[in-house]
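Only one structure is covered here, and it is reproduced in the block below.
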Amino acid sequence: MALPMLQLALDNKTLADALASTRVLAAEVDVLEAGTILCCSEGMQAVRCLKSLYPDRIVLADIKAADAGTILANMVYDNGADWMTVICCAPIATVETALAAARKCNQAADPAKTLTPLDVQVELTGTWSWEEAEAWRAAGISQVVYHRGRDAQAAGQSWGQEDLDKIRRLAGMGFALSITGGLVVEDLPLFAGIPIKVFIAGRSIRDAADPAAAARAFKAKIAELWS
């Protein structure tokens, strides 16, 4: 089983604050996420800046696209994103057009200069069905993000057996899974034995007394559980 990657969620309100975090943490993580809040606040310059400064890191544009799949996909990829998100409630046409744009860019790219194939993730925030999951898979989607939302966390919702059962079922369907939602190191054993692609952490790393040490603790626990 491959070792899961660690993604830093940059849901800062300003690019300056985000870059203050990356200066300390970029070397400690595998994926840099221009979070939804950051993209809304700073636009594509956040994506462009992250890729320019850290070309050896995967950059995710977490725009949660709900429409205009081709336009938004070309926008994020033209600005250096490797991955982007489409929200689960988006029409299947949006999923398909965003993925088609990623594939077209991949065909034109120089493989020697490509860190990872450009790709689209479906973000599982809110309500979705297994029929929709089957449609995403049939359309060619290989990555989904299982997301325990910020508001759900604030309301006291914790990881439960229902979450784990859904995650296992999604993995069984062939999806590569990113897991997010207030993750702390102590949560990681819940997912042991499941082929997770990426664990996403934001505030638990960024706001730690020693952010680099917090990121290393995540990586150490991941290595312990998945090696």
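The table below lists the values:
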{"quantity": "Residues that are at pLDDT 95 or above and either assigned to a loop (DSSP other than H, G, I, E, B) or charged (D, E, K, R) (or both), drawn from the stretch 208-227", "calculated": "Ala208, Ala209, Asp210, Arg216, Lys219, Lys221, Glu224"}
{"quantity": "Test: residue in the stretch 159-177 that is surrounded by 17 or more Cβ atoms within 10 Å (Cβ to Cβ), touching a residue at least 24 places away in the same chain (Cβ under 8 Å) and under 24 Å from Leu19 (Cβ atoms)", "calculated": "no"}
{"quantity": "Selected residue [out of contact with any helix residue (DSSP H, G or I) (no Cβ under 9 Å at 6 or more places or on another chain) and either on the phi > 0 side of the Ramachandran plot or touching a residue at least 12 places away in the same chain (Cβ under 8 Å) (or both)] from Ile63, Ile37", "calculated": "Ile37"}
{"quantity": "Some residue of the stretch 186-198 being within 26 Å of Thr70 (Cβ to Cβ) and touching a residue at least 40 places away in the same chain (Cβ under 8 Å)", "calculated": "yes"}
{"quantity": "Matching entry among Ala133, Ala102, Ala112 (being more than 25 Å from Pro195 (Cβ to Cβ) and assigned to a helix (DSSP H, G or I))", "calculated": "Ala112"}
{"quantity": "Complete set of residues in the stretch 1-16 that are surrounded by fewer than 18 Cβ atoms within 10 Å (Cβ to Cβ) and at pLDDT 95 or above", "calculated": "Leu3, Met5, Lys13, Thr14, Ala16"}
{"quantity": "Members of the stretch 89-126 found to be modelled with pLDDT of 95 or more and closer than 13 Å to Asp62 by Cα, listed by number", "calculated": "Asp119, Val120, Gln121, Val122, Glu123, Leu124"}
{"quantity": "Number of the exception - Ile194 against (1) among the hydrophobic types (A, V, I, L, M, F, W, C); (2) over 23 Å from Asp11 (Cα atoms); (3) in a loop (DSSP other than H, G, I, E, B); (4) in contact with a strand residue (DSSP E or B) (Cβ under 7 Å, 6 or more places away or on another chain)", "calculated": "(4)"}
{"quantity": "Test: residue in the stretch 94-106 that is surrounded by 14 or more Cβ atoms within 10 Å (Cβ to Cβ) and under 12 Å from the mean Cα position of the chain (by Cα)", "calculated": "no"}
{"quantity": "Matching residues, the stretch 66-77, being free of Cβ contacts under 8 Å to residues at least 40 places away in the same chain and assigned to a helix (DSSP H, G or I)", "calculated": "Gly69, Thr70, Ile71, Leu72, Asn74, Met75, Val76"}
{"quantity": "Single unsatisfied condition, Asp163 versus (1) over 19 Å from the mean Cα position of the chain (by Cα); (2) closer than 19 Å to Ile200 by Cβ; (3) of a type in the set (Asp, Glu)", "calculated": "(1)"}
{"quantity": "Residues that are over 14 Å from the mean Cα position of the chain (by Cα), under 16 Å from Pro55 (Cβ atoms) and crowded, with 16+ Cβ neighbours inside 10 Å, drawn from the stretch 17-45", "calculated": "Leu19, Thr22, Ala26"}
{"quantity": "Any chance Thr116 is under 16 Å from the mean Cα position of the chain (by Cα) and hydroxyl-bearing (Ser, Thr, Tyr)", "calculated": "yes"}
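Let's see how each residue does on (1) within 21 Å of Met5 (Cα to Cα); (2) among the β-branched types (Val, Ile, Thr); (3) in contact with a strand residue (DSSP E or B) (Cβ under 8 Å, 6 or more places away or on another chain):
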position: Leu32; (1), (2), (3): yes, no, yes
position: Cys39; (1), (2), (3): no, no, yes
position: Gly43; (1), (2), (3): no, no, no
position: Leu53; (1), (2), (3): yes, no, no
position: Leu60; (1), (2), (3): yes, no, yes
position: Asn74; (1), (2), (3): no, no, no
position: Thr85; (1), (2), (3): yes, yes, yes
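The values are calculated or read from the model by the stated rules, or taken from the named source; none is laboratory data. Since we're looking at a predicted model, the values are computed, not measured. Ideal geometry is used to build each Cβ from the backbone, glycine not excepted, and the neighbour counts take in all protein chains shown.
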